[in-house]
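Each remark here refers to the structure printed beneath this line.
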Amino acid sequence: MRTTTKINILLLGATILMFGCDLPVQERFFFEPDVDLSDPYAEITAWQFINTPQANALNEDGELIGDNFNYLKEAIQAAGMVDAYNTPNSGRTFLMLNNNAFTGGGDVIQLVTGSADVEEGETPAEVMARADVDVLRIILNYHMVSTYITQLDPLLEFDVNYEFQTMIPGEEGRIIFRRDNRYRVDINRSPAPLPSSATSQFERVRNYNYVFNNGIGHSLNDPVRNQPYPSPN
């Protein structure tokens, strides 16, 4: 048995020597991924991104698409806060509220108008024209964080609460980021060192790491808070 195995090995080696030298040399392989790994919005501001066609697309029926930012665009203008999203090199984190964050019960439209109802054919600009501007500014300021926060850094540990400050000073502006072992990031999720769950609202980040030249953005399906927003007038 051993002799047969040795003979087979020798025959295989001889075959390789006889024919292997005639094989062409393999050219060096360069991997070119099909996916574009660059940051497509790195040269523009958060405000400029919110104004792109990609951020304001409609479906075939002319309806707002949930993960776009038609309402956010009009809200920023109604609140007079364009500069907050357009100033270069501020290094902020923008928690960008998508259309869904405005249109549901208890979401932004209801928070700033007192009702979640939108009349048929009413545009986002028309809805924001009847918003309580003071409440709207508080909501937008709470969704801007003064620290540059990616999905990884400074959220280094799993299931650890990381506290940051929004553009609202003091206790009312505290916000908690928490990342799990599947790299999902929750905002203000219990248990967090914030007021009781009756006065706070948490949300999981929907899409991550929109890199801009004045910060980084993550999209949310619902607004977050650490205590109730004021009632609209």
Placed amide H near Asn214: partners under 5 Å, 5+ positions off or other chain
Ala46, Asn89
Using DSSP, restrict attention to beta bridges with both residues in segment 92-233 and report what percent are antiparallel, rounded to the nearest 5.
75
Per residue, how much accessible surface does segment 88-127 expose to a 1.4 Å probe? Answer in Å², no decimals.
42
Taking a virtual spin label 7 Å from the Cα of Tyr183 along the C-beta vector, which residues in segment 139-153 bring their backbone nitrogen under 18 Å of it?
149-153
Sites matching GluC sites (Glu not before Pro) across segment 93-152 that sit in DSSP coil, with at most 14 neighbouring C-beta atoms within 10 Å
Glu119, Glu120, Glu122
In nm, give the distance between the simple-model label positions of Glu119 and Asn213, each being 7 Å from the Cα along the Cα-to-Cβ direction.
4.1
Between Leu58 and Ala129, the two model label points (7 Å from Cα along the beta-carbon direction) sit apart by a distance in nm of 1.7
With a 1.4 angstrom probe the carbon and sulfur portion of accessible area for segment 33-184, in percent, totals 47
In nm, to one decimal, how far is the Ala42 label point from the Asp67 one, both placed 7 Å along Cα→Cβ?
2.2
Across segment 127-140, in residue order, what do the Karplus-derived ³J(HN,Hα) couplings come to in whole Hz, using 6.51 cos²θ - 1.76 cosθ + 1.60 with θ = phi - 60° and x for Gly and Pro?
5, 5, 5, 9, 7, 6, 5, 5, 5, 4, 5, 4, 4, 5
Which ³J(HN,Hα) values in Hz, rounded to whole numbers, follow from the phi angles of segment 71-77 under the Karplus curve 6.51 cos²θ - 1.76 cosθ + 1.60, where θ = phi - 60° and Gly and Pro get x?
5, 4, 4, 6, 5, 4, 5
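The values are calculated or read from the model by the stated rules, or taken from the named source; none is laboratory data. These numbers were taken from a predicted model, which means no experiment stands behind them. No Cβ is skipped: glycine too gets one built from the backbone with ideal geometry, and neighbour counts run over all protein chains shown. Protein only, heavy atoms only, side chains kept; ligands, DNA and RNA dropped before computing areas. Shrake-Rupley method; radii C 1.70, N 1.55, O 1.52, S 1.80 Å.
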